[in-house]
Amino acid sequence: MADPLCARQEVRRQTRKLTQRRDDVGAHLARVHASLQLDGMEPVQGALADLFASFGADSAALKAAALQLAAPRLGSRVARRFEPWVGAEALPRITPLATRWSLIVSASADTPARSRRCSADDSRQLAAQFLADFDVQNGPAQAAFLDHCLTCQDRLAFMTARRELLKRQGALPAGWEAVQKKLEGDAV
């Protein structure tokens, strides 16, 4: 992968271009390319959602090419959600396909709270960081992690860390069952 700082700067440069001309095909494609140089799928999904919102059915070839470029990073489930929009009108300005990296589109209200607050990439990273801290018995890290899970309703991070802790030690530390019950209650 390219230098993340350079890739981030390129994403920002292309984003600035789009604030002035949202129909700039070159800026959209350059932003998708630069987003592919960053970790995770959220930057790519955000750039692709903006491209799909900027062009309609008459730009089906452009949208198909951009989706083909981004699909390996997006994963099959998210890529399939973009497919119906390839030959359709522009993606609505409010859509569940938007991410925090989107400029032109915004996440819809039916997007899960966890997705609006942190991405799946963030959840996995938080769980991995917590597990690394847990190995050295870092109590404040555990409290901060559980607080994050409750505040953001981040069931993905919680369940990822929970599964690994059960593998490692067969039982959960104090407080985990209460957090799990609260998260399950929020799911209803």
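Here are the numbers for this structure:
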| quantity | calculated |
| --- | --- |
| Qualifying position, being within 16 Å of Leu103 (Cα to Cα), open to solvent by 50 Å² or more (accessible area, probe 1.4 Å) and of a type in the set (Asp, Glu), among Glu83, Glu10 | Glu10 |
| Of the criteria (1) among the hydroxyl-bearing types (Ser, Thr, Tyr); (2) over 17 Å from Asp121 (Cβ atoms); (3) surrounded by fewer than 19 Cβ atoms within 10 Å (Cβ to Cβ), which one Ser76 fails | (2) |
| Residue list for the range 14-29, restricted to those being surrounded by 12 or more Cβ atoms within 10 Å (Cβ to Cβ) and in contact with a Lys or Arg (Cβ under 9 Å, 6 or more places away or on another chain) | Gln14, Thr15, Lys17, Leu18, Asp24, Ala27, His28 |
| Selection status of Ala34, surrounded by 21 or more Cβ atoms within 10 Å (Cβ to Cβ), touching a residue at least 40 places away in the same chain (Cβ under 8 Å) and either part of a helix (DSSP H, G or I) or charged (D, E, K, R) (or both) | no |
| Index of the failed condition, Leu97 passing every other in (1) surrounded by 12 or more Cβ atoms within 10 Å (Cβ to Cβ); (2) farther than 30 Å from Ala27 by Cβ; (3) modelled with pLDDT of 90 or more | (2) |
| Residue tally, condition of a type outside the set (Gly, Ala, Ser), touching a residue at least 40 places away in the same chain (Cβ under 8 Å), open to solvent by less than 70 Å² (accessible area, probe 1.4 Å) and not in a helix (DSSP H, G or I), over the range 37-55 | 1 |
| Residue count, the range 171-188 (criterion: over 23 Å from Asp121 (Cβ atoms) and open to solvent by 60 Å² or more (accessible area, probe 1.4 Å)) | 6 |
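Residues checked against (1) open to solvent by less than 50 Å² (accessible area, probe 1.4 Å); (2) over 24 Å from Val11 (Cα atoms); (3) at pLDDT 85 or above; (4) hydroxyl-bearing (Ser, Thr, Tyr):
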residue: Ala109; (1), (2), (3), (4): no, yes, no, no
residue: Arg116; (1), (2), (3), (4): no, no, no, no
residue: Ala128; (1), (2), (3), (4): no, yes, no, no
residue: Val136; (1), (2), (3), (4): no, yes, no, no
residue: Arg155; (1), (2), (3), (4): no, yes, yes, no
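The values are calculated or read from the model by the stated rules, or taken from the named source; none is laboratory data. Remember, it's a predicted structure, so these values are computed and weren't measured experimentally. Ideal geometry is used to build each Cβ from the backbone, glycine not excepted, and the neighbour counts take in all protein chains shown. For the accessible areas, the whole protein counts, side chains as well, though only heavy atoms, and no ligand, DNA or RNA atoms are used. Shrake-Rupley method; radii C 1.70, N 1.55, O 1.52, S 1.80 Å.
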